[in-house]
Every structure is written in C-alpha cells, then in structure tokens.
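Data block below; observations after.
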Amino acid sequence: MPYTVTPTKLPEVLILEPKVFGDERGFFFESFNARDFSEHTGLNVNFVQDNHSKSVKGVLRGLHYQIEHPQGKLVRVTHGEVFDVAVDLRRSSPFFGQWEGVLLSAENRRQLWIPPGFAHGFLVTSDSAEFLYKTTDYWYPQHERSLLWSDSRVAIKWPLLAPPTLASKDASAVNLAQAELYP
C-alpha cells in the first residue's frame, strides 16, 4: 500500500501519509498515483493543474475558494512546515462553517485532500516553506473568493506568535456571514 488515509473531524477532508522507502542514500515515495488514490480514498478525481509556492514564516495565505469552478486540492509541503486549514462552505453540509487544521511538513510528508466546496489556507510556521498542490479545476481569478482568516464565527485556532503577513485580498476578505457560499 503506497499510503494510509485517515479521515479528519470533517470526514471528507483526508490526511494521506505515504509509505516512504529510505536507506543511507536518502528516500523515495510516490507522491501521487491516480489508481492508488482512487482505491484508497474512494474518489475518482482528475487533477488539471499543479501549483508551487514559497513563503516565509508568518505568512498566512487564504482562506481561498472559487465560487464557480470549485477546486478539490491535494496539498503537501516539500520544504519547511505549515498549519493547513480547510473550512466547509457548503450550506447543506452538517459540517457547514467548521474547520480542520493539520500540520504538514517536509519531515512528516503528509498530504491533505480538500474537496470542492471548502475554503483553504495555510500559515507558515517554519522559517520558510514550499507548498505544492494539485487542483481538480483551473484557476479562474474572476471566481476566486477569500474568507476572512480571523472570522470569529469560524474561530480557527491558528498557531500564531505574532500578527500574520497577509496579501491585500486576504486582509480585506469577508466573514462567513457575508461570504458567497455553496448550496
């Protein structure tokens, strides 16, 4: 088995932990295999885009989602560590407005599956981090939205030591009560 899959408190958000083969030379693991992903998650997804970002400590990116063309995301860290968060924005979900946070790092090699219908963001907790993610739909800037990272109704417990560094779109994001939501 290439990895184990563990549901989170939001059952559709999944932690994937790869089987790593290592010795004195280093290590090897499959970071993605469509057949095995489908077999172990029960999901048949088609990834169309890979993204790679680098950020420094204290940067908070998100919470992003696309109101049209919603994206599923398979995320991981190749350098450093982040606190990764998914928020359920589906009004019809029993988990609407709830969040899940997971530490992802180059060391633990965990991946997180975030299904369509969720906002996503992360906080860099190491000196810097490189973050990779696959998406099930393309980026459409006209449909991108940002949920306010500090919304008191969602009440994410970010591991902050100081105020985060934000992009202007994230600093001016809306709270859950004002957000465009999924059915």
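Taken together, the values in this text are just the output of simple stated rules run on the coordinates, not laboratory data. Everything numeric here is computed off the predicted structure, so don't read it as measured data. Virtual Cβ from ideal backbone geometry, glycine too; neighbours counted across all protein chains shown.
Among residues other than Tyr140 with Cβ under 15 Å from its Cβ, the summed charge is -1 (Lys and Arg +1, Asp and Glu -1). For the chain, the relative contact order comes to 28 percent (Cα pairs under 8 Å, sequence separation of at least 6). Using alpha carbon centroids, what distance separates segment 127-183 and segment 83-108, in Å? Using only Cα atoms, the two centres lie 11 Å from each other.
The alpha carbons of segment 19-94 occupy a box of 50, 36, 25 Å along the principal axes, longest dimension given first. Considering every alpha-carbon pair of the chain, the percent of pairs per 10 Å bin, from zero through the bin containing the longest distance, is 10, 38, 38, 13, 2, 0.
Starting from the exponent 0.38 and prefactor 2.2 Å, build the expected Rg for segment 87-183 from its residue count and divide its actual Cα Rg by it.
On the way: Rg = 14.0 Å, N = 97, 2.2 N^0.38 = 12.5 Å.
Taking N as the residue count of segment 87-183, the ratio is 1.12.
Local charge for Gln111 was computed over the other residues whose Cβ lies under 9 Å away, with Lys and Arg +1 and Asp and Glu -1, and equals +2.
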